[in-house]
Amino acid sequence: MKDQNKRQAFKTQGGWEGCLYLFGFVMTIPAANWFVEHVGTVCSDSGPCLIPVAPGLMAPSGVIMIGLALILRDLVQRRLGTKTAIFSIIAGALISAFFANPALVIASILAFLLSEFADFLVYTPLQRRRLILAVFASGCVGLVIDSVVFLYLAFGNLEFLYGQIIGKTWVIILSLPAIFWFRNRDERLGIEPA
């Protein structure tokens, strides 16, 4: 009975947890657009604000938020299910349209939609068996697509491609210990993915 109550309480908490992931996910898009224009060690009037991601390598500062978005979408799906994950991708794209600089709206929306749906397609078949691999592999696929589409459409070139890829990869790698803990906690409590 005690285990049953513990699991039921966690399912309720899991719903709240999923809602927090959902809120965080949709907010990463306006945050990324704001970062690109306002946060960086180097900001110019004619281009994005940049941050260092490796020695001698810079990237637009939005890489931090987009790397986080790829992870949070996976967690939204794990807690709230595939339909909510698809809805959150569409909602995130719409939110992007309202918060992005007009010059970045199309680039932001298309990069977001394509990369998040690619992430979804890789994550979905892997997540029940190999959560950490699913988060890493889907994130890597999503980050490459996001980087190429966004840079090409927003700036007309791929000058910061390697920086974008490395910056987003760092975010994903740094998240893996938390994903490992998350998976172990779910297993210990007998919680199945949504």
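The values are calculated or read from the model by the stated rules, or taken from the named source; none is laboratory data. This one's a predicted model, so the numbers in the text were calculated from it and none came from an experiment. Using ideal geometry, Cβ is built from the backbone for each residue, glycine included, and neighbour counts are taken over all protein chains shown. These area figures cover heavy atoms from the full protein model, side chains too; ligands, DNA and RNA do not enter into them. Shrake-Rupley method; radii C 1.70, N 1.55, O 1.52, S 1.80 Å.
Using only C-alpha atoms and all pairs of different ones, pull out the Kirkwood radius for the chain in Å with one decimal.
17.0
I'd like the Karplus ³J(HN,Hα) series for segment 81-98: coefficients 6.51, -1.76, 1.60, θ = phi - 60°, whole numbers in Hz, and an x wherever there's a Gly or Pro.
x, 5, 5, 5, 4, 5, 4, 5, 5, 5, 4, x, 5, 5, 4, 4, 4, 7
For the chain, what does the accessible surface come to per residue with a 1.4 Å probe? Please give it in Å². List each step's numbers first, then the result.
Details: 9910 Å² over 194 residues.
The answer is 51 Å² per residue.
I need the shape label for segment 51-105. Rule: rounded when a/c is under 1.5, else prolate if a/b > b/c, else oblate, with a, b, c from the alpha carbon gyration tensor.
Verdict is oblate for segment 51-105.
May I ask you to rank Glu192, Glu37 by accessible area, largest first, using a 1.4 Å probe over the protein chains only?
Glu192, Glu37
Label Asn101 and Thr41 with points 7 Å out from Cα along Cα→Cβ: what is the distance between them in nm?
Between Asn101 and Thr41, the simple spin-label model gives 2.1 nm.
Which Cα, out of Ala85, Gly15, Ala111, lies furthest along the positive dipole direction of the chain (beta carbon charges, K/R +1, D/E -1)?
Farthest along the dipole direction, towards plus: Gly15.
How big is the charge dipole of the chain about its Cα centre, in debye rounded to the nearest 20, if each Lys and Arg gets +1 on its Cβ and each Asp and Glu gets -1 on its Cβ?
1020
Between segment 95-146 and segment 168-194, what's the alpha-carbon centroid distance in Å?
That distance is 18 Å.
Add +1 for every Lys or Arg and -1 for every Asp or Glu among the other residues with Cβ under 15 Å from the Cβ of Phe35, and state the total.
With Lys, Arg at +1 and Asp, Glu at -1, the net is -1.
Return the carbon/sulfur percentage of the accessible area of the chain, one whole number, probe 1.4 Å, all protein chains in place. Walk me through the numbers before you get to the answer.
Working: 6870 of 9910 Å².
In the chain, the share of accessible area belonging to carbon and sulfur is 69 percent.
Between helix 105-126 and the chain, what is the angle of the helix's C-alpha long axis to the longest principal axis, kept within 0 to 90° and rounded to the nearest 10?
Helix 105-126 and the main axis of the chain meet at about 30 degrees.
Find the relative contact order for the chain and round it to a whole percent, using C-alpha pairs within less than 8 Å whose residues are 6+ positions apart. Spell out each step's value before the answer.
Working: 291 pairs, mean separation 46.7, N = 194.
Worked out over the chain, it gives 24 percent.
Which of the peptides 135-141, 154-160, 78-84 is most tightly packed, and how do the rest follow, judged by the mean count of other Cβ atoms within 10 Å per residue? Mind showing how you got there, number by number?
On the way: 135-141: 22.4, 154-160: 15.0, 78-84: 18.3.
In descending order of packing, they fall as 135-141, 78-84, 154-160.
Pull the list of the chain cysteines that no other Cys approaches to under 4.7 Å, Cβ to Cβ.
Taking the Cβ cut-off of 4.7 Å, the unpaired cysteines of the chain are Cys19, Cys140.
Could you tell me the largest-minus-smallest coordinate of the C-alpha atoms of segment 78-173 on each of the three principal axes, in descending order and whole angstroms?
40, 28, 17
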